[in-house]
1. Taking H as built 1.01 Å from N, whose amide H comes closer than 5 Å to the amide H of B:Leu20, not counting residues under 5 places away?
2. If neighbour count is taken as other Cβ atoms inside 10 Å, put B:Phe44, B:Phe95, B:Phe111 in order from fewest to most.
3. Sequence-distant or interchain residues sharing an amide H contact under 5 Å with B:Gln48, placed H: which?
4. Just add up the charged neighbours of B:Phe81: K/R +1, D/E -1, any other residue whose Cβ is under 12 Å from the Cβ of B:Phe81.
5. How many partner chain Cβ atoms sit within 10 Å of a residue's Cβ in peptide B:82-93, on average, as a whole number?
6. Under the 0.36 nm per residue contour assumption, what length would be gained going from the current alpha-carbon distance of B:Lys110 and B:Ala67 to full extension?
7. Considering only the other residues whose Cβ falls under 12 Å of the Cβ of A:Leu19, what net charge follows from Lys and Arg at +1 and Asp and Glu at -1?
8. Averaged over B:99-105, how many beta carbons belonging to a partner chain fall within 10 Å of each residue's beta carbon?
Amino acid sequence: MESKSTQASPDYQFKIIMLGDYGVGKTSIHQFYLHGKYASTESVTLGAYF
Amino acid sequence: MGRGSHLLQGFVLSRCSLVLYDVTNPSSFQIIEKCIASTKEVTFPDCQIILLGNKADQEEAKIVSYAAGSELASKLEAPFFETSARSGVGVKEAFIELIGLMMTKAMEEKFEENKTQLSFKDSQTQSKCF
């Protein structure tokens, strides 16, 4: 195994979109999946977040 | 497409949509199909949909039933999960399903690609024989 780069390049990359009405919890689900914790934010994401 | 259609640029060639509604908010459930329709023109035609009913931890405030969600999901031919970012229920399962479906699709595509290349090579070697 070569470990020249600290970050291995992925074999697959997928673009996933999250859709839904405002306030349904798109940001919350995404935050939970990435960081494993629920952050109670009462602010609304404006438009789109990438 | 109305307000915010410029946002669709970011959705171009998406292979998967996680579509969420709030189980305590019926209007968020009713607009699901409209939401999907508005992105259909920019995503991959076979874009995989996964339906999530979020805020499932709020049992007492729940209005949209599991059965209703499940029915819509079968209409959309999409896997369905009730999730909660607060309690964490269903989130892992939903993403595992998503990754599984994506990997299967990607591998199938790769397989088809290799097969085409292979048959192309075959035809080349055959032509050398003559």
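Only the coordinates and a few stated rules stand behind these numbers; no lab work does. Quantities reported herein were computed from a predicted structural model and do not represent experimental measurements. Every residue, glycine as well, gets a Cβ built from its backbone with ideal geometry; the counts of neighbours run over all protein chains shown.
1. A:Leu19, A:Gly20, B:Leu52
2. If I rank by nearby Cβ atoms, fewest first, I get B:Phe111, B:Phe44, B:Phe95.
3. B:Cys16, B:Ser17
4. -2
5. Partner-chain Cβ atoms within 10 Å, mean over residues of B:82-93: 4.
6. 11.8 nm
7. With Lys, Arg at +1 and Asp, Glu at -1, the net is +1.
8. Counting other chains' Cβ atoms within 10 Å and averaging over B:99-105 gives 2.
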